[in-house]
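Everything on this sheet refers to the single structure shown next.
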Amino acid sequence: MTQKPKVIIICGPTASGKTGLSIELAKKINGEIISCDSMQIYKDMTIGTAKPTPEEMQGIPHHLIDFVSPEARYSVADFKKDAMEEIKKVLANNKVPIFVGGTGLYVNSLTYNISYPEIETDLEYREKLEEKIEKQGLNVLYEEAKKVDEQAMQIISPNDKKRIMRVLEIYHQTGKTKTQLEIESKLVPPPYEYITFAIDMDRQKLYSRINQRVDIMIEQGLIQEVEKLLEKYKEFPTAMQGLGYKEVVSYLKKELTKEEMIEKLKMETRRYAKRQLTWFRKDKSIIWLDGLATIEENIKRILEEYCEGEGSTLI
């Protein structure tokens, strides 16, 4: 049997040190980085998404960053399609693909080889859903979606309009639930051998890093970044729901004071990190790295797993 090409994934909670680790790893093993972050895809959203700066990248190519308009919709299906193309390109250059990010749905789409049916949007049905939201509220659709696909709705927030509508649209147009389609697609093994690592860290240490990151973002001009976005773009179907952006919008609308906005952003980011850790801990195939270890120690751990097996060599 021909050995499948190996692909490394480094995931974990926000502010855990994924960027620094991945760049040093890429330098060591001739790798290229592919973002696995649902917010870093957007153009003009740099500070709030903690995109690595050109200086931080240190010449390492980064893919799937800064290429989608904040006005556009970008789904997990879009990510899966783009990610598979990037893997092919990186491997064709004799480089090691290294996915980096904290978006669990993106990670799962790769490791479980979830395929998403190409469904043309039924605009008439979508309009009916929008009307129902306007007249009766989003919660009515949320309850409908739970009846259709209770399993999928377990990880979807009652406020996540886009994903709630997606569950209903898939069922309406295919007659199958999102969960059913994912189970069917998982029967096909992935074309690559994904070796997935996640960074763990003492909770208080992680929260301290998150609080510090928020303060730095404000100093770097997060408020001004949001103001420019509001001036430049008309619609934000998903982008402005991201952490950091919706809180600043509330501040600009004078719904929160600056101090309240900063504290809310810190609190929501800590909650998000907790959800990320819960998500990744469900996956028993993930290899955990110590967030308090040195980058060199964690790289050594990654390479032990990467090189395991007969015929595995570093490029």
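The values are calculated or read from the model by the stated rules, or taken from the named source; none is laboratory data. Since this is a predicted model, take the numbers as computed values, not measurements. With ideal geometry, Cβ positions are generated from the backbone for all residues, glycine too; neighbour counts draw on all protein chains shown.
Could you give me the residue pairs with C-beta distances under 7 Å whose first residue belongs to region 5-28 and is buried (at least 21 other Cβ atoms within 10 Å of the Cβ), whose second residue is basic (Lys, Arg) and in a helix (DSSP H, G or I) wherever it lies, and which are 6+ apart or on separate chains?
Taking only residues 6 or more apart or on different chains, the pairs are 10/18; 12/18; 15/209; 15/213.
From 143, 169, grab the single residue that is in a helix (DSSP H, G or I), farther than 21 Å from residue 242 by Cα, touching a residue at least 40 places away in the same chain (Cβ under 8 Å) and not assigned by TED's automatic domain parsing to the domain that holds residue 39.
From the options 143, 169, the qualifying one is 169.
Restricting attention to region 16-38, and to residues there that are of a type in the set (A, V, I, L, M) and either assigned to a helix (DSSP H, G or I) or modelled with pLDDT under 95 (or both), which single residue is farthest from residue 213 (Cα to Cα)?
Filtering region 16-38 down to residues of a type in the set (A, V, I, L, M) leaves 21, 23, 25-26, 29, 33-34.
Restricting the remaining residues to those that are either assigned to a helix (DSSP H, G or I) or modelled with pLDDT under 95 (or both) gives 21, 23, 25-26, 29.
On the way: 21: 17, 23: 19, 25: 23, 26: 24, 29: 29 Å.
Looking at residues that are of a type in the set (A, V, I, L, M) and either assigned to a helix (DSSP H, G or I) or modelled with pLDDT under 95 (or both), I get 29.
Looking only at region 226-255, which residues are among the charged types (D, E, K, R), surrounded by fewer than 20 Cβ atoms within 10 Å (Cβ to Cβ) and more than 24 Å from residue 166 (Cβ to Cβ)?
Of everything in region 226-255, those that are among the charged types (D, E, K, R), surrounded by fewer than 20 Cβ atoms within 10 Å (Cβ to Cβ) and more than 24 Å from residue 166 (Cβ to Cβ) turn out to be 227, 228, 231, 232, 253, 254, 255.
I'd like the residue in region 103-136 that is β-branched (Val, Ile, Thr) and not in a helix (DSSP H, G or I) and, out of all such residues, is surrounded by the fewest Cβ atoms within 10 Å (Cβ to Cβ). Walk me through how you get there before you give the answer.
Just the residues of region 103-136 that are β-branched (Val, Ile, Thr), to begin with: 103, 107, 111, 114, 119, 121, 133.
From the residues that got through so far, the ones that are not in a helix (DSSP H, G or I) too are 103, 114, 119, 121.
Values: 103: 20, 114: 21, 119: 14, 121: 10.
Looking at the filtered set, the residue picked out is 121.
Can you find, within region 62-79, the residue that is surrounded by the fewest Cβ atoms within 10 Å (Cβ to Cβ) among those that are modelled with pLDDT of 95 or more and touching a helix residue (DSSP H, G or I) at 6+ places or on another chain (Cβ under 8 Å)?
Within region 62-79, the match that is surrounded by the fewest Cβ atoms within 10 Å (Cβ to Cβ) is 63.
Could you check residue 243 against (1) among the aliphatic types (A, V, I, L, M); (2) within 23 Å of the chain's Cα centre (by Cα); (3) not in a loop (DSSP other than H, G, I, E, B) and say which number it fails?
(3) is the only condition that residue 243 fails.
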